Amino acid sequence: MERTKRYVTELILGAKGEAPAAPKGTNPIFDQMRGIDWPIRCTVGPGLEGAIACKSRVGFVNGSEGTLIYRGYDIFDLCAHSTFEEVSYLLLYGDLPTESELASFESRLNEYRFLPNTLRTLMNAPVERMNPMAALRLGTNLMHQRQTWRDSEDARPSLEDAIASDEDSIPMETRPTGERHAIYEFQRRHLRRPTDPRLAPDDAESMDSCIHLIAGMATLAAAIGRLRRGRLPIEPDPELGHAANLLYMMTGRRPTPVEERVMDVSLILHADHGMNASTFACLVVASTMSDIYFSVDAGIGALYVFSSILNSCELT
């Protein structure tokens, strides 16, 4: 089995050798992620095509040139020598984890994959008749309600302090060029956090919330897939890694090492894809001071049409 897994690695490195070489004198890993001096002129087409919404050092994708960079690392190297857990840590924290950091991160992912209460509530919905993305959005909202305290009485702002989050940034609209940075007319409210930490394991805006979503999404996706086929969800196996668990929860059997390796590479490739439609939708919602769960929910909604096409293919 190890020999077959090494063969997958050799295929990846072989593909790297056949990838188009960058022009002389350029470094695609860093030059393409160089910062932007604002304001900047750009031509915007229909559907915001060509619009420059932000700058990022997290990831860069250039489909026409076959370039995909995570935090300065070439995607071929990450797929060949890393795992999805390591890449997730890299994207979240900016550096590859040490051995102890990886062990702690994997332990948290393993713990957060278990969503018995969320799945129990999800099963009350007609998941088998829902669009897959609609079901995933529902599951995300149920995670938010179940795992955070944002819907509790403690999280509600006072009427005196409540300010609409959709007010314009007026200084950017003043002549002749406006302010260099947005100066918003609203402030983040100070939430009254519960004093008992056991009642508030997730505040819906911390790094822990992101790890909850990474782990929980695999459980939700697998459960939805099984429910749509008339089967009951399967609990994650604490002895398996992320990719293996996703396959196990989908199929009901432990994957072979090769199946696990291929799924792991696939998850790495899809971990970040720059400013696509779903990423942009997430950023727009997050910019209103909404939390990470609702921001991801918006990104899932942006994939509705694509999932409808897949759903039609599946039904036919």
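What is the one condition in (1) surrounded by 16 or more Cβ atoms within 10 Å (Cβ to Cβ); (2) part of a helix (DSSP H, G or I) that S100 does not satisfy?
Every listed condition holds for S100 apart from (1).
Can you tell me which of (1) modelled with pLDDT of 85 or more; (2) surrounded by 13 or more Cβ atoms within 10 Å (Cβ to Cβ); (3) over 29 Å from F76 (Cα atoms); (4) not aliphatic (A, V, I, L, M) is the one E205 doesn't meet?
With (1) modelled with pLDDT of 85 or more; (2) surrounded by 13 or more Cβ atoms within 10 Å (Cβ to Cβ); (3) over 29 Å from F76 (Cα atoms); (4) not aliphatic (A, V, I, L, M) applied to E205, the lone miss is (1).
When the residues of the stretch 84-97 are filtered to those that are among the hydroxyl-bearing types (S, T, Y) and buried (at least 21 other Cβ atoms within 10 Å of the Cβ), which remaining residue is nearest to the chain's Cα centre (by Cα)?
Taking the candidates together, the pick is S88.
Can you find a residue in the stretch 282-290 that is within 16 Å of E106 (Cβ to Cβ) and touching a residue at least 60 places away in the same chain (Cβ under 8 Å)?
No; the residues of the stretch 282-290 include none that is within 16 Å of E106 (Cβ to Cβ) and touching a residue at least 60 places away in the same chain (Cβ under 8 Å).
When you look at R228, is it among the basic types (K, R), surrounded by fewer than 20 Cβ atoms within 10 Å (Cβ to Cβ) and free of Cβ contacts under 8 Å to residues at least 12 places away in the same chain, yes or no?
no
Collect the residues in the stretch 233-270 that are closer than 20 Å to S107 by Cβ, touching a residue at least 40 places away in the same chain (Cβ under 8 Å) and either in a loop (DSSP other than H, G, I, E, B) or not polar (S, T, N, Q) (or both), keeping them in residue-number order.
E235, P236, P238, G241, H242, A243, D264, L267
Out of all the residues in the stretch 272-298, which are assigned to a loop (DSSP other than H, G, I, E, B) and buried (at least 19 other Cβ atoms within 10 Å of the Cβ)?
The answer is D272, D291.
I'd like the full set of residues that are within 18 Å of I214 (Cβ to Cβ) and among the small types (G, A, S), limited to the stretch 107-147.
S107, G139
So how many residues does the stretch 58-77 have that are at pLDDT 80 or above and not aliphatic (A, V, I, L, M)?
Looking only at that region, the number is 10.
For a quick check of your reading of the model, give me the residue pairs whose first member lies in the stretch 38-62 and is in a loop (DSSP other than H, G, I, E, B), whose second is among the charged types (D, E, K, R), with beta-carbon atoms closer than 8 Å and at least 6 apart or on different chains.
Sorted first by the residue in the stretch 38-62, then by its partner, the pairs are W38/R180; P39/R180; R57/R71; V58/R71; V58/D272.
The values are calculated or read from the model by the stated rules, or taken from the named source; none is laboratory data. Computed from a predicted structure; not experimentally measured. Cβ: placed from backbone, ideal geometry, glycine included. Neighbour counts: every protein chain shown.
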